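Quick notes on the structure that follows.
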Amino acid sequence: MTAPAASAVTVHRIPHDRLCAAMRVVVRGFGSTPDEVDAVVDNLVEANLRGHDSHGIGMLPRYAEAFLEGSLQVNAHARVDLDSGTLLRVDGGCGFGQVIGREAIDLAVERARRHGSCLLAIGHSHHLGRIGAWAEQAAAAGLVSVHFVNVMARPIVAPHGGAQARYGTNPFCVGVPRPDAPPLVLDFATSVIAQGKTRVAHNQGVAIEPGCVIDPQGHDSTDPRWTVVPPFGALLPFGGELGAHKGYGLALMCELLGGALASGMTLRDQPENLDKRRVLNGMFSVLVDPQALGGGSAFDAEVGAFVDWVKSAPARPGFEPVQVAGEPELARRAQRLAEGLAVDATTWGEIEQAAARLGVDVAAVRREAGLAG
């Protein structure tokens, strides 16, 4: 089944500062402290700036539903359950992942700087958002980091060759610092596309590319509704017909390391995974100080030289010049800062409805965003 033809969609284009101000009004409705409000809003809007609308402000309606059902705990902080110096286990207490992630990475950064490395296990955090943010945080401290993440919510991705969903989008991320350039940040869902991208497409009334989703009978489709509204189909693992076993295999390892190892929970046939609106993440992270490995300036030089060598490859016909991980996001960020951030009317309406359910003055949200009415 293919998606219906797209219809004209109203889009609000909102300047960055105004969007941040409007979203702060919404997040205050959770009862969050000012610091928590800033952490959540800054993280979500930054995702929009970098082109990852799937992890941006469109998540707030889901957060509101989780909060109202009692699954998201406001003003929670990272709690250290195990500390052996270079090994940390942190419990998020179902708090905002934007706070839990930052606090946990702060702890791991301090240990990696002191000891040369740190293994960090995060469990029971609410949605950690764009995982690249945590790789960037580590890279800002001069550290290499690797992150394996599982998702405790309704299963949404089918295993390779399977016709039903069995696990989440299970992100994988690597960050590499560079002294005189932005860090290299490889951050992707192990599904062909992130679930949030189907939500964005559904709200905009557009089809998605073939090879991303299947309907409830396991047939290929370009209709994003199969992962947004019931009856549900599933996303497919990345890799296409010849390589989907690779995306599936990496997703499995993210589930076992981010889930079983880091948080003691994997996504399987449990009613709470189907009935709750909360999105819990487990994350297993490895942070390494290149200086402690004796790399130092030699590591920096080799990274720079190899990136230059890779980017020197001539572009294939029909392709743009070669880029490396993180560069497309930075280009989108600059463009959206200059032009404003586009929010489709459906997503904006969902945010307003969520704000109203939180007891927030919707007119105040619109005023801050610069929208009439």
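What to note about this one:
- For HIS160, net neighbour charge (Lys/Arg +1, Asp/Glu -1) across residues whose Cβ lies under 12 Å away: +1
- This model, with +1 at the C-beta of Lys and Arg and -1 at the C-beta of Asp and Glu, gives the chain a dipole about its Cα centre of some 320 debye.
- Globularity ratio of region 131-224, using Cα Rg and 2.2 N^0.38 Å: 1.31
- Within the chain, helix-based [θ] at 222 nm, where runs of 4 or more DSSP H residues each add -39,500 (n - 2.57), nearest 500: -12000 deg cm²/dmol
- Pair HIS115, GLU241: separation of 7 Å Cα→Cβ label points (nm): 4.9
- Remark: C-alpha extents of region 156-313 on the principal axes read 55, 39, 29 Å, sorted largest to smallest.
- Count Lys and Arg as plus one, Asp and Glu as minus one, and take only other residues whose Cβ is under 11 Å from that of ASP215; the net charge is then -1.
- Kirkwood hydrodynamic radius (C-alpha pairs) into Stokes-Einstein, the chain, 25 °C and 0.890 mPa s, D in µm²/s: 115
- Computed from Cα atoms alone, the Kirkwood hydrodynamic radius reported for region 27-106 is 13.4 Å.
- Counted by neighbouring Cβ atoms within 10 Å, the residues SER54, SER125 run from fewest to most as SER54, SER125.
- In this simple spin-label approximation, ALA305 and HIS77 carry label points 7 Å from Cα along the Cα→Cβ vector, and these lie 4.6 nm apart.
- In region 234-373, the alpha-carbon atoms span a convex hull of 266 Å³ per residue.
- Region 180-319 - percent relative contact order, Cα under 8 Å, separation 6 or more: 15
- Over region 71-154, the reciprocal of the mean inverse Cα-Cα separation, the Kirkwood hydrodynamic radius, stands at 12.9 Å.
- Highest-MSF residue in the chain out of ALA325, ALA135, ALA194 [GNM, Cα springs under 10 Å]: ALA325
Any read-out appearing in this document is the output of simple, stated calculations on the displayed coordinates, not a laboratory observation. Predicted model only: the values in this text are computed from it and were never measured. Don't worry about glycine lacking a Cβ; one is built from the backbone with ideal geometry, like all the others, and counts go over all protein chains shown.
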